[in-house]
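Take a look at the structure set out below.
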Amino acid sequence: MKFLFISQFFPPEEANRQTGGTISNRNFLRCLSRDHEVTVLSFDLDADPIKFAEEPYRVVHRPPPKWRATGLLLHWQAFVRQNVQEFVEATEQPDFLIATTSTLAAFDVAPQQTKCLAVVRAFENFGVRCRWAPRKTRIDLIKGTILRRFQDVRLMRQADGVLTNSEFMRSAIAERFKIKPAYIHVLKQQVDFEPNEGAAPKNTVGFVHRGPDKNISLVLELARRAPDLSFLIYGHSKGLPSTVSSNVSMMGWAADRSAMFSSAALWLVPSLWAEPFGRVSIEAQAADRPVLVADCGGLPETVSSDRYVIDNFSPDGWLSRMRQLLRMPEAEIAANGKIIRSSFSKEVHDQTIMETLAVISNHQRKLS
């Protein structure tokens, strides 16, 4: 079969702009490419096809003009439709057209016999009514809704299926867009690296910072209260105070995620909002490191036991549980890592995708 995947944001693997969603999309495309012909129509300014030469799928680069806000508002939807239509007319009709967050307008020009799938790994399409995201994030969501001319609900319901990353998101999508849960499919996520050899660094705590909603303030407070622990902060430094405790090290972006997760004995995911899933959690555990995650969103689905979940943001509560996990026997940590690597293996990931496509292929109508 032929698949056309359309995305505005499609960084190459070595880029610093990786998110859980971009990693998941790349794994998804690699799976499809094993047995099918896959083309990515990318509107990313930095998606030079040469950077994807080693990938099993083909990347066609159609960068948009560098519009300012007004230009985006006036032209983005038409730009997506025009480029998709021109590509489809110049090539053989795809069996599946798959659109991501900001490219759902592609559904409007899809050939009649083509199945349309929406990939929803976050809240970008939810708009200001998104009760699962913080207030500041909702402002950005309404900006995106305006940019897409308030068409997301219509376009989502126009699809033949929605692909997402957790049971939590399946429920949220069904509620927000009034789509039957049977048409929303949870794709098992993939983690594909083995733990590095060697013992975990003693009393070292890791955290990936991408913004205040990840709860960097709690992590810095934990560091202040626990001078005997060393805290490694990966990601960007935006939003950090000018001075931090001496036991905090800023590590920047890490290209080698396996090495990154092996660098700390314990990883924290104390997000203030409902994370759609939580790739940091499964990757840290796959590296044979315990995690402690907030009890919200899809995060509880990323762990094998309630011992790794905490339902509040009390610094005392977090420190108490952290010290318990840092004292875990190595055999228990390794056993948990084995469970995670099995639950989120490439084999399970690929099988879920193929089974989902078989179900969608038998759907006889659109969601609406």
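The values are calculated or read from the model by the stated rules, or taken from the named source; none is laboratory data. These numbers were taken from a predicted model, which means no experiment stands behind them. Counting neighbours? That spans all protein chains shown, and the Cβs are built from the backbone with ideal geometry, glycine included.
Inclusion of SER245 among residues that are closer than 29 Å to GLU167 by Cα and over 18 Å from the mean Cα position of the chain (by Cα) is not warranted.
Residues that are in a helix (DSSP H, G or I) and touching a residue at least 24 places away in the same chain (Cβ under 8 Å) within the stretch 213-239 comprise ASP213, LYS214, ILE216, LEU218, VAL219, LEU220, GLU221, LEU222, ALA223, ARG225, listed in sequence order. May I ask you to verify whether ASN196 is touching a residue at least 24 places away in the same chain (Cβ under 8 Å), assigned to a loop (DSSP other than H, G, I, E, B) and not assigned by TED's automatic domain parsing to the domain that holds PHE43? Yes; evaluated as a whole, the condition is true for this residue. Within the stretch 157-165, identify whether any single residue is within 30 Å of PHE231 (Cα to Cα) and assigned by TED's automatic domain parsing to the domain that holds ALA110, and answer yes or no. Yes: the stretch 157-165 contains one or more residues that are within 30 Å of PHE231 (Cα to Cα) and assigned by TED's automatic domain parsing to the domain that holds ALA110.
GLU275 meets all of the listed conditions (1) crowded, with 19+ Cβ neighbours inside 10 Å; (2) out of contact with any Cys (no Cβ under 9 Å at 6 or more places or on another chain) but one, namely (2).
The rows are residues; the columns are (1) surrounded by 14 or more Cβ atoms within 10 Å (Cβ to Cβ); (2) in the same structural domain as LEU163 (by TED's automatic domain parsing); (3) not small (Gly, Ala, Ser).
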residue: PHE28; (1), (2), (3): yes, yes, yes
residue: ASP35; (1), (2), (3): no, yes, yes
residue: THR39; (1), (2), (3): yes, yes, yes
residue: ALA47; (1), (2), (3): yes, yes, no
residue: LYS51; (1), (2), (3): yes, yes, yes
residue: GLU55; (1), (2), (3): yes, yes, yes
residue: LYS66; (1), (2), (3): no, yes, yes
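Residue-level check: of (1) among the acidic types (Asp, Glu); (2) in contact with a Phe, Trp or Tyr (Cβ under 9 Å, 6 or more places away or on another chain); (3) more than 21 Å from GLY198 (Cα to Cα), GLU347 misses just (2).
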